[in-house]
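To keep things clear, I will list the structure first and then write my remarks on it.
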Amino acid sequence: MSRPASPIAVYRLVFSLVIYAGFGACKKDSAKTEVAQDVNSCDFATAGQGCVVKATNDTVTIDLSRGAIGQEFVIAPFILGDPNTVSGSLKSRSFNFKMSVSSGAALRLLPDMGRDPDIDVSDDSRMGVVRDHDKRTLANHFDPNKGLNQEPWFWALAERLDKEASSKSGFVGGESDSELTSFYVNMAKHRSSGFAPDFNLSDGNCPVNTIAVPKSDGITTESVPLVGNYSDPDGKFCIAYISNPVTIPDKKAIESAASKIVRVFSSAIYADNFPTKGNYKFRPIFAFVDVSDEDVWDQNTALNLAGVFVSYTSLAAGNPIIYVAADFTKVTSFGESAQTEVLKGQFYSVMAHELQHAILHYYRMNAAGTAVVNGESVSIDEGLAHYMEDLFGYGADGFKFWALPFLQGYTDGVTPFLVGSNDYGDGVSAPLARSAAHTLLYYLASQKGGVSFDKNGEPSGGDGLKFVKDVVKSSTLTGPANLAQQFGGDWAITVGNFLGSLALDNVSVGGTVASKFTVQAPVEAVTNLGGKTGQTYGMRFNNYAELTTHQSGDYGSLKNDPAVPNPMSYYMTAPLHVSVTNPADKIIFQCDCGGDRKNIAASVVRIK
Amino acid sequence: MRFSNLLPLLITVICSPAAMADQMQGLVRVTGNPPFKQVTITKPREFSGVPLCPGDKAKRIMNLESLVVKIYGGEKTVGATKCFEMGSFTVLKTPAGNTAVVGQLQQKEGVFFLLADDGRTLPLSDVPDGLRSMIGKKVVLDIRPQNTLTGARYEAVYYLEFP
């Protein structure tokens, strides 16, 4: 596979502190290290250990006096603000971390320790999936009631996709450079026409002869005939074949996959039968459609999607409806002309992903089933959906598409490690936004105990799974406050440990890595939705290569000149790689963060 | 009824984000998964509050997530749901809880200053690049006074383009 087209910016760096004293006597013995490994102890006895140093007022002072010459650390300063009011990084980015050293000692750069450039990812493939999912995001998030007053990020994302389509020959060619944007503008202008879904529902609310599909105006629907249908005898789900499936032509296999998805979600994951809320019955309808067939599906490129859960059509129908492309080679952004194993896997994982959206949507609705009362932030909603794909054995497939770009990018001081609702698509690409949440969720679930799988390769329990379930089912809190409450403990320390895990998980550092800096080892005994055994749940954070860190120069001189890699916001960082030459010195970060002093801290991990 | 019995009720009314029918004040919280994503004005540290009516000017203040605003308008019923139809709004506090100053950013003879909505002219120092790019635009600032050799100026420690 080719390398990514975009070169990875590898910053490097270091600085050293001049030293004089001996520190062997200060070292802890290994037994004490073991005891201290999961508490917030800053003794740094061995590589693989670390802590989160919280600020006094606005200043984090890192004392490495227990260290020794030659030891190396990765230090990641950050600010979270109040999790009850700050939902992640915000649109405003005006924060600076001013760094200094207590003695003003001279610095020097350490040898380059950049990321391995030979990353085994096909950029075209990755971008193709990314683009497809972004389009699904647009479809999911278009609110006809808002007309042209969609959120700013919505139009920004549409324009970006248009530019992407016009500049990349591998993508579907639009008739103009603004086809996607024009599509939604057109839909927005026709908002007054009203939405009247046309269903003929059989007993149990399963469509039999026809089903409504969205039209290009985004408001009205068209009733299209079914070539087949299936009603789960247990009343759990429906399948509506608008077109015969091609990527997975075996209808029995599709029924089996749908049955498994619904069963696993309702049993092992949520332990819930999803009772009816008002007129909204949670009996999902998986509708398969040839997205290239103009007789049954709108041919605007905006609807050329692998799958989509459209909330407003679902509410109107009284059932969640998940539209899935019958033939993934017709999803042009995939750029595949053959039914590859990847496409077959995507076919199933998309079903699980979109159903997770429908489930969160269900839990956050009021009892009447008419409105969402505490919707989750977009990035966490998407992160949860990707996380759920992993539970069905698509962890390895999804890693290079989703978590990898985040892991490659979060050290730039621009890419947040959690995004506020308003940032989505606004300066932070959707894949990075959702993958940040996905990665954080995986860390938190791992720390809570991870997920266990039964002999059939299905998720069966684990405190990590319970944690994720509790996040989804939250009836009160949202965003970081929700994560913090469900996880427990000090949120700044939790997040700092997450950053430490991004530097240390699965890294050989010559010592035992504290478990707080690790995630659950991938489970490679999962049976996926196609019945294939030995598939993967989970990820390792370091399997993208080494951590990128920033040169000290990126933070300005050590004479306290304020300069940072970029103006930052909440939930952003720019890690530094520090070599100790004088443990007597202290490294100081002063957060010039708009006067906010809540949850300012730095993750400090010893790597050598 | 004794006054002490009324106290909890009074506190509730006073602290409510919708204490008055034609205006309300509170934290901007962007909740929900579109198309049900909505702007809700809540009391600080709470997650439920008064939703702004969709499809109106509410989108303007989505960029003010986590800031405290005062909104003028009135209650309305859309379908079966009550919401607050926004007419206009003012920005009161930044995410850090500091007083926000709103005005137009201008530059004259190399000096940046804010023509604040309250009529003040506030010279700025150490203007960061991100803010410099907003010349001529209406901005939301959190400023701190500074004594400089050229007189009193203000440092913008937080900035955001006014939506």
Tally, over segment A:567-608, of residues that are under 21 Å from A:GLY500 (Cβ atoms) and among the charged types (D, E, K, R): 4
Condition met for A:GLY538 (more than 30 Å from B:ILE143 (Cβ to Cβ) and either crowded, with 21+ Cβ neighbours inside 10 Å or at pLDDT 95 or above (or both)): yes
Matching residues in segment B:108-127 - criterion: being under 21 Å from B:LEU92 (Cβ atoms) and part of a loop (DSSP other than H, G, I, E, B): B:ASP117, B:ASP118, B:GLY119, B:ARG120
Test: B:LEU105 is at pLDDT 85 or above, under 25 Å from A:CYS593 (Cβ atoms), assigned to a strand (DSSP E or B) and within 14 Å of chain A (Cβ to nearest Cβ): yes
Lone qualifier among A:LYS251, A:LYS260, A:LYS277 - being more than 27 Å from the chain's Cα centre (by Cα), among the basic types (Lys, Arg) and open to solvent by less than 50 Å² (accessible area, probe 1.4 Å): A:LYS277
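Only strands (runs of 3 or more DSSP E) wholly contained in segment A:238-315 count here; list those with 2 or more residues that are modelled with pLDDT under 90.
The qualifying strands (runs of 3 or more DSSP E) are A:307-309.
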Test: residue in segment A:336-345 that is among the hydroxyl-bearing types (Ser, Thr, Tyr) and either open to solvent by 10 Å² or more (accessible area, probe 1.4 Å) or more than 25 Å from the chain's Cα centre (by Cα) (or both): yes
Unmet criterion (only one of (1) touching a residue at least 24 places away in the same chain (Cβ under 8 Å); (2) over 23 Å from A:VAL472 (Cβ atoms); (3) of a type in the set (Gly, Ala, Ser)) for A:GLY278: (2)
Given (1) in contact (Cβ under 8 Å) with a residue 12 or more places away in the chain; (2) farther than 19 Å from A:TYR394 by Cβ; (3) within 10 Å of chain B (Cβ to nearest Cβ), number of the condition A:ALA371 does not satisfy: (1)
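The values are calculated or read from the model by the stated rules, or taken from the named source; none is laboratory data. Just so we're clear, the structure is a prediction, and the values are computed from it rather than from any experiment. Cβ sites come from the backbone with ideal geometry, for glycine too, and all protein chains shown count toward neighbours. Just the protein is used for accessible areas: all its heavy atoms, side chains included, with ligands, DNA and RNA removed. Shrake-Rupley method; radii C 1.70, N 1.55, O 1.52, S 1.80 Å.
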